[in-house]
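First up is the structure itself, then whatever we jot down about it.
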Amino acid sequence: MLQTLSTASSLWNPSQRSACLEIVEFQRSQLSSLSPCPFYLKFGSKSVQKGRALVSGTFPYACQRPKQYPASKKPGEYPQNMDLPPVLPKKKKKPYPIPFKEIQKAARKDKKLAERGVEKPLQPPKNGLLVPELIPVAYEVLDAWKLLIKGLAQLLHVIPVYGCSECSEVHVAHSGHNIQDCKGPRSSKRRGLHSWVKGSINDILIPIESYHLYDPFGRRIKHETRFDYDRIPAVVELCIQAGVDIPEYPSRRRTNPLRMIGKKIIDRGGYVEEPKPWRAVDPSSSSIIDLDTCGACERFPPPSPEDVPIIAQETMNAHETVQTGVTKLMKKYTVKACGYCSEVHVGPWGHNAKLCGEFKHQWRDGKHGWQDATVSEVFPPNYVWHVQDPKGPPMRSALKRYYGKAPAVVELCMQAGAQVPRRYKPMMRLDIIVPESEEASLVA
């Protein structure tokens, strides 16, 4: 859209009793108020002839600076290097993913509608109905989740993985590293060195579980009734609520939307008896075994050497599909996470089970501090050190600033022969040459 700017200059000469008026027009493209390239004024001298009088003056011009992108802000490009992910303190609540002022603004708006007795306008899936265009995405995420578990279980027979027995550190290489950053209970006796043991698939793909709800808008889970509900992976529960039908985990599908005034549901279509977990789920069913990481390495045999790169690439693609699909689903479907611990609940509000044992849990009587969840809380990346030479010497603390990091799944698949997506390369610091220990002191 083009917009015309006009500048006018009027010069008055008392002796000649005549006015000189000139209009200069400029055209520019329409920019938003948040544009980093605002207009600026430019002054230039110009002579204007009006009849026999020649008048000189200074005229302002509206000029536009050319739009320039920084080297790391161009669309579709990534910076050369990126800082490592920050470690959040455990003695402090997690930051809100949505600014707190926006949460208060939305609450005040709902309160005003409730005071006037006006129903809250709800769109799917907030009103209990499914979003039709996200049902194929949910099925795609579930299929990729099964393929991801299968691929990781096969690659763990080939690529060694180590985990610290005292903390949550994981390392993908032929031997553990010597970086002294262990925060375990007896780490001071080892001077911060890790106590390495053989890792499992749960060290690579962190199991984040959630309660399965037949009706997410039904009765809340109480502390006394928590054993009446199944615990399944949060990604699977998100897919079920988004439209995936699994006979072992039934879910209520509404045909009429529910109605709310403020925070109160005035019409939910009545309560429906929920099937008990011991009647609905058969532990020997193969369809639900593939959804969990428990015993995955025993279910899948080691692959042949020529198939390892193919399996690694399929596993990498499945990881990207799951992460992209979960991001799309969480934009519509509500997922809650505790602000103090790693508990996740898929539904419009959290449960009331008193299982939180993190910072100041005594003040909350063990209840969780629910807030909106992020993708990294539902599908955590679990960053590990990137090893340029898995069979080389172990990493050292003196060269820590030269090392990069990557999600554990990406690091495992890369060592097995898969191509690394571009968005992970800046954090992996592939262009940095790790110096020798004697050369590190000479680097500025």
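The values are calculated or read from the model by the stated rules, or taken from the named source; none is laboratory data. Owing to the predicted nature of the structure, the values given are computational and were not obtained by experimental measurement. Positions of Cβ are generated from backbone atoms using ideal geometry, with glycine treated the same way; all protein chains shown enter the neighbour counts. All accessible areas refer to the heavy atoms of the entire protein, side chains included, with ligands and DNA or RNA removed. Shrake-Rupley method; radii C 1.70, N 1.55, O 1.52, S 1.80 Å.
Taking label positions 7 Å along the Cα-Cβ direction at both Val131 and Ile98, the computed distance is 1.3 nm, reported to one decimal.
Stretching Ile206 away from Ile265 to a fully extended chain increases their span by 17.7 nm, per 0.36 nm per residue minus the current alpha-carbon distance. Peptide packing: for 372-381, 421-430, the average count of neighbouring Cβ atoms within 10 Å per residue gives the ranking 372-381, 421-430, highest mean first. When the surface is traced with a 1.4 Å probe over the full set of protein chains, His171 keeps roughly 10 Å² accessible. Each Lys and Arg contributes +1 and each Asp and Glu -1, all at the Cβ; summed about the Cα centre of region 379-432, the dipole is approximately 180 debye.
Note on region 230-276: dipole from Cβ charges, positive end direction compared against Ile261, Val236, Ser251; the farthest Cα belongs to Ile261.
Checking the Cα-Cα distances for Lys109/Lys222; Lys90/Lys354; Lys93/Lys120 against a 22 Å cut-off, the pairs over it are Lys109/Lys222; Lys93/Lys120. Sort region 257-361 into rounded, prolate or oblate with this rule: let a ≥ b ≥ c be the square roots of the eigenvalues of the Cα gyration tensor; rounded if a/c is under 1.5, and if a/c is not under 1.5, prolate when a/b is larger than b/c, oblate otherwise. In terms of gyration-tensor shape, prolate. Relative protection proxy for 264-270, 236-242, 292-298, 412-418, from highest mean packing down: 236-242, 412-418, 292-298, 264-270 (other beta-carbon atoms within 10 angstrom).
Label zone (Ser397, point 7 Å along Cα-to-C-beta; backbone nitrogen cut-off 14 Å) within region 159-189: 177-184, 187-189. Mind checking region 69-171 for GluC sites (Glu not before Pro) that DSSP puts in a loop (not H, G, I, E or B) and that have at most 12 other Cβ atoms within 10 Å? Here the sparse-neighbourhood loop sites are Glu77. Sorting 142-149, 222-229 by their mean Cβ neighbour count within 10 Å, with the most densely packed peptide first, gives 142-149, 222-229. The label point for Lys90 and the one for Cys294, both projected 7 Å from the Cα toward the Cβ, are 2.6 nm apart. The H on the amide N of Val384, modeled in the peptide plane, is under 5 Å from the matching H of Ala406, Ala408, each at least 5 residues off or on a different chain.
Net charge dipole, region 64-216: roughly 1060 debye, given to the nearest 20, about the Cα centre with Cβ charges of +1 for Lys and Arg and -1 for Asp and Glu.
Per residue, region 188-340 exposes 53 Å² of solvent-accessible protein surface, assessed with a 1.4 angstrom probe and all protein chains in place.
Between Asp110 and Glu306, the contour length at 0.36 nm per residue exceeds the Cα-Cα span by 64.6 nm. Computed with a 1.4 Å probe on the full set of protein chains, the accessible area for Asp290 sits at about 60 Å². Ile208 sits among other residues whose Cβ lies under 11 Å from its own Cβ, and their net charge, with Lys and Arg +1 and Asp and Glu -1, is -3.
Subtracting the Cα-Cα distance of Glu248 and Ser188 from their residue separation scaled by 0.36 nm leaves 16.8 nm. Near Ile261, the amide H atoms lying under 5 Å from its own belong to Lys120, Ile266; only residues 5 or more places off or on other chains count, and H is placed 1.01 Å from N.
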